[in-house]
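The values are calculated or read from the model by the stated rules, or taken from the named source; none is laboratory data. Predicted model only: the values in this text are computed from it and were never measured. Backbone-built Cβ (ideal geometry, glycine too); neighbour counts: all protein chains shown. Accessible surface is based on the protein model in full, side chains and every heavy atom, while ligands, DNA and RNA are left aside. Shrake-Rupley method; radii C 1.70, N 1.55, O 1.52, S 1.80 Å.
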Amino acid sequence: MYSGGVSNDFVGAPSLDYDAWRDAVRTICGRYSPGGIEPGAFSGQARARDICGFKSVDVSFNARRLERSRRDVRADAVDHYYVLFQMAGRSMVVQNDRTTELDVGDVALVDAALPTTYLAEAGGHWASLQLSRRSVASHLGSEPRCPCEGRGAAAARLLRQLLHEGVENGASTSADAYMRLAVYDLTGALFAPSEGEDVLRHTDKLFARICAIVRDGFADPAFGPCDVADQAGISLRYLQKLFTQRNSTCSQFINAVRLDHALALLKRRSALRSSQSISDIAYASGYSDYTNFHRRFRCRFGQTPGSIGGKQDAVA
């Protein structure tokens with residue numbers, strides 16, 4: 001595990017009383033209520049930072065318990081995952097009837113959209129990084145059952161280092177997209193299933209999601225592999241790898257979906273004796289160039305678009 005430690009800049013953050021701390025936390029990450037301590041004896045710190053476009057939150061408190069109830073979840077409708085770093089003290093995270101114990105240096109993945117209970121030592125300090133639900137699910141292949149304890153000391157150490165260096169040095173705007181991808185890749189390395197069968201299931205679920213993204217977007221002539229990778233929250237290189245493993249490419253799959261759609265529209269045109277032009281069908285299937293559509297259709301199906309249903313080609 002990476003070494004924990006409370007950063008000097010956080011040590012200097014102002015100490016807040018019960019109401020001020022609770023209000024600050026609710027503003028930056030949702031409704032949480034300290035427990036197991038008299039409000040008059042409570043003290044804590046809270047701050048939010050922006051790191052490469054992610055919200056990072058640091059909190060500390062001397063309460064023995066922190067609650068996020070079902071009512072809290074319904075009230076603020078927060079919907080993301082967060083990677084949670086135990087910076088000082090020890091704690092237990094209870095969610096989904098699962099309990100994860102955290103010591104200094106440990107890391108866990110928690111679902112902000114579910115009720116959560118923290119049981120903590122007084123003086124604990126936690127740092128968290130809020131991540132898109134869709135992107136986390138894409139990298140893991142499915143929505144994880146939280147809390148998940150991170151595996152892999154190297155990935156944890158790198159993510160922790162990135163968290164601190166993103167604050168101390170600042171990341172340039174042009175680099176932010178690459179840094180965000182690095183965060184999701186490290187998150188995948190930390191929390192992805194470890195067994196071979198689970199890994200296969202992970203990639204199969206991710207590929208199924210990619211196919212669904214293509215089927216949702218193919219009608220846009222400008223839609224391509226870069227758009228698929230962006231919506232899936234993965235790199236273009238990884239997208240290409242997933243298709244290569246299946247002896248195909250993303251571009252080939254997009255064209256196959258477009259041509260299948262065009263064939264269905266042409267059969268419907270014939271059955272209904274519609275006057276819809278083939279060029280309109282081509283455009284509705286994601287082709288802005290009729291010649292390209294005609295060539296690809298004939299190569300795929302061995303006949304011209306106009307011959308479907310016994311009609312002759314008609315562009316207009």
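Tabulated data
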| quantity | calculated |
| --- | --- |
| Assigned charges on the beta-carbon of Lys, Arg, Asp, Glu; region 202-316 dipole about Cα centre (debye) | 400 debye |
| Distance in nm between pseudo-label sites at Gln303 and Asp17 (7 Å out along the Cβ direction from Cα) | 8.2 nm |
| Selection from Ile234, Ser33, Leu162, by position along the positive dipole direction of the chain (Cβ) | Ile234 |
| Sequence of Thr187, Thr117 from largest to smallest accessible area, 1.4 Å probe | Thr117, Thr187 |
| Pair Ala41, Gln245: separation of 7 Å Cα→Cβ label points (nm) | 5.3 nm |
| Computed lengthening from Arg295 to Thr27, 0.36 nm per intervening residue step minus Cα-Cα distance | 90.8 nm |
| Rg in Å to one decimal, and Dmax rounded to a whole Å, for region 8-151 via C-alpha atoms | 14.3, 46 |
| Theoretical FRET efficiency, 1/(1+(r/R0)^6), r = Cβ-Cβ of Ala75 and Leu236, R0 41 Å, to 0.05 | 0.55 |
| Nearest-ten-degree value, helix 153-168 long axis tilted from longest Cα axis of the chain | 80 degrees |
| Span per principal axis, largest first, for the Cα atoms of the chain (Å) | 85, 39, 38 |
| Spin-label pair Ala271/Glu149, simplified geometry with 7 Å Cα→Cβ offset, distance in nm | 5.6 nm |
| Helix axis angle, 196-217 relative to the chain longest principal axis, alpha carbon, degrees | 60 degrees |
| Å² per residue, accessible surface of the chain at 1.4 Å | 49 Å² |
| Loop sites in region 115-166: trypsin sites (Lys or Arg not before Pro), DSSP, at most 16 other Cβ within 10 Å | Arg145, Arg151 |
| For Lys55, solvent-accessible area (1.4 Å; no DNA, RNA or ligand), Å² | 80 Å² |
| Fully extended contour minus Cα-Cα distance, from Asp260 to Asp97, at 0.36 nm per residue | 54.1 nm |
| Unit charges on C-beta of K, R, D, E only; dipole of region 19-59, Debye | 160 debye |
| Highest-fluctuation residue, Phe218, Phe297, Phe61 considered, GNM on the chain with Cα pairs under 10 Å | Phe297 |
| Cβ charges +1 (Lys, Arg) and -1 (Asp, Glu), total dipole of the chain, debye | 1620 debye |
| Value at 222 nm in deg cm²/dmol, rounded to 500, when DSSP H runs of n ≥ 4 in the chain each add -39,500 (n - 2.57) | -14000 deg cm²/dmol |
